[in-house]
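The values are calculated or read from the model by the stated rules, or taken from the named source; none is laboratory data. What you are looking at is a predicted structure, and each value in this text was computed from that prediction instead of being measured. Heads up, the Cβs are rebuilt from the backbone with ideal geometry, glycines too, and the neighbour counts pull from every protein chain shown.
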Amino acid sequence: MKQGDMMHRLRLDERELASRVAFFEISDADLRRLSSLRPLAERHTDEIVEGFYQLLLGHPETRKFFADEATIRRVKRNQRDYFLGLFTGQLDLAYVEDRLRVGAAHERIGLPPKWYLGAYRRYMQLMDQRLVAELPPTEAKDAFQSLRKLVYFDMALAIDSYVLANLDALQRHQAAIRELSTPVIRVHAGVLLLPLVGTIDSQRAEQIMEAVLVRIVDEQAKVIILDIAGVAVVDTKVADHLLKTTAAVRLLGAQTILTGISAQVARTIVQLGVDISSMHTLSRLAEGIELALDLIGKAIVKKVG
Amino acid sequence: MRGSIPILRVGGNLLATVHIELRDKVAEAFQEDVLETIEKTGAAGLVVDISGLEVVDTYVARVLADTARMAKLMGARSVLVGMRPEVAATLVRMGYAMDGVATALNVDEALILLTAATERRI
């Protein structure tokens, strides 16, 4: 996912930025203080980054994310940039975009948030030690407070990008399931088949109708066979959905054949008083295919000789 | 308004391609054009192609159904072709399935349907 796209989907505009800055209580004084600490930060960048990676490389759970020396060199370089980014005194949309990139990168390599947050604690400890060693006590305390605000701000963005990436994955899976639940098959030129399996609720019925109609027009199919042998329950609602689909298919200029009607289903439909006489209905799929071929002027014949 | 929807002669049938929304004056003019052409040519069939319509509400659907009924009174069978999937889904959802109006997938199919019907009659 592009950062710009993420900014848009997280609604990260000037207003959202202002509200986050207010909530994390980051003041101009904080930003000025951080920017005045930059020389100190620069002096200690290397050792802090080293200390940080000692933790990450010292545990097998996180060690595996760093395949070789080249990768380690590269991530250390990125880490230096990230670290010094805390001391620019700038907190604008460009900064936010840069920080989102960090979360997206972690998500991409599959680093779970627990290690991200855990490693951040080490980071804070390393910074605190340097501040206490180099500054008078009150100044060190103030500096640490300012730093902590910005670090939490960053962490919130990283978590946001994790959540967004998970949401994307979820939507992809749902789309895949939707596609699998309406496998429209072309059995012959001009004849389509949709074997229905499982439960048909209103949402799925809509998907079925949509998929059927689109395929009929795409393939210019004259007949669609709906096989309901695998449908768990056929009640008034399901029958109504099937009737609606039949009516819509007719509007396109095609016909529907309903097959796979068991004795149980036939009984239920009549007992419920549902009129499905507008549909061609048959018990077996094989008969449905024969009828479909008949409707398009073809037939299955035995070979002579 | 008259003549804004072209009506072509194809053999003994007429082909009207609706590419603008059938509202008020346009709908009225369309019906007049169709009936007048049937009267002049004695066409046995009418094919109305609506593949150009992205939206068909119940009003437009009723105009189309009425036109088919009027044509039938003058002895011309109508076939509606080219309805888009989303249009069909919407009409059915609104409970307007245009019962009684013959449909076909495309103009070719419609002409085959009309020819078969004419042959049966003779």
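Listed values, structure above:
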| read-out | value |
| --- | --- |
| Check on A:ALA248, within 11 Å of another protein chain (Cβ to nearest Cβ), in a loop (DSSP other than H, G, I, E, B) and crowded, with 23+ Cβ neighbours inside 10 Å | no |
| Per-region count, the range B:55-114, residues farther than 22 Å from A:GLU219 by Cα, in a strand (DSSP E or B) and touching an Asp or Glu at 6+ places or on another chain (Cβ under 9 Å) | 0 |
| Test for A:VAL274: is it part of a loop (DSSP other than H, G, I, E, B), surrounded by 15 or more Cβ atoms within 10 Å (Cβ to Cβ) and either in the same structural domain as A:PRO195 (by TED's automatic domain parsing) or among the basic types (Lys, Arg) (or both) | yes |
| Failed condition for A:GLN90, given (1) over 22 Å from A:ALA119 (Cβ atoms); (2) touching a Phe, Trp or Tyr at 6+ places or on another chain (Cβ under 7 Å) | (2) |
| Single unsatisfied condition, A:ALA165 versus (1) under 11 Å from A:ILE224 (Cα atoms); (2) in contact (Cβ under 8 Å) with a residue 24 or more places away in the chain; (3) surrounded by fewer than 18 Cβ atoms within 10 Å (Cβ to Cβ) | (1) |
| Filtered residues of the range A:106-124 (kept if out of contact with any helix residue (DSSP H, G or I) (no Cβ under 7 Å at 6 or more places or on another chain) and either among the charged types (D, E, K, R) or farther than 18 Å from A:GLU61 by Cβ (or both)) | A:ARG108, A:LYS114, A:ARG121 |
| Test: residue in the range A:222-240 that is farther than 20 Å from A:ILE200 by Cα and not β-branched (Val, Ile, Thr) | yes |
| Condition check for A:ALA22: surrounded by fewer than 17 Cβ atoms within 10 Å (Cβ to Cβ), among the small types (Gly, Ala, Ser) and within 28 Å of the chain's Cα centre (by Cα) | no |
| Helices (runs of 4 or more DSSP H) contained in the range A:43-142 and holding at least 2 residues aliphatic (A, V, I, L, M) | A:69-85, A:93-109, A:113-134 |
| Test: residue in the range B:17-31 that is among the hydroxyl-bearing types (Ser, Thr, Tyr), in a strand (DSSP E or B), more than 13 Å from chain A (Cβ to nearest Cβ) and surrounded by 14 or more Cβ atoms within 10 Å (Cβ to Cβ) | yes |
| Pick from the range A:216-240, criterion of a type in the set (Val, Ile, Thr) and more than 14 Å from chain B (Cβ to nearest Cβ), ranking: farthest from A:LEU285 (Cα to Cα) | A:THR236 |
| Pair list, Cβ under 7 Å, 6 or more apart: the range A:77-93 residue in the same structural domain as A:ALA18 (by TED's automatic domain parsing) and at pLDDT 90 or above, other residue among the acidic types (Asp, Glu) and surrounded by 15 or more Cβ atoms within 10 Å (Cβ to Cβ) | A:GLY85/A:ASP98 |
| Members of the range A:183-241 that are in contact with a Pro (Cβ under 8 Å, 6 or more places away or on another chain), in contact (Cβ under 8 Å) with a residue 24 or more places away in the chain and surrounded by fewer than 14 Cβ atoms within 10 Å (Cβ to Cβ) | A:GLY230 |
| Those residues of the range B:53-80 which are surrounded by fewer than 16 Cβ atoms within 10 Å (Cβ to Cβ), within 14 Å of chain A (Cβ to nearest Cβ) and either in contact with a Phe, Trp or Tyr (Cβ under 7 Å, 6 or more places away or on another chain) or small (Gly, Ala, Ser) (or both), in sequence order | B:THR58 |
| Selection within the range A:281-305 - touching a Ser or Thr at 6+ places or on another chain (Cβ under 7 Å) and surrounded by 17 or more Cβ atoms within 10 Å (Cβ to Cβ) | A:LEU282, A:LEU285, A:GLY288 |
| Residue list for the range B:88-111, restricted to those being within 10 Å of chain A (Cβ to nearest Cβ), loosely packed, with under 15 Cβ neighbours inside 10 Å and farther than 17 Å from B:SER51 by Cβ | B:ARG93, B:GLY95, B:ASP99 |
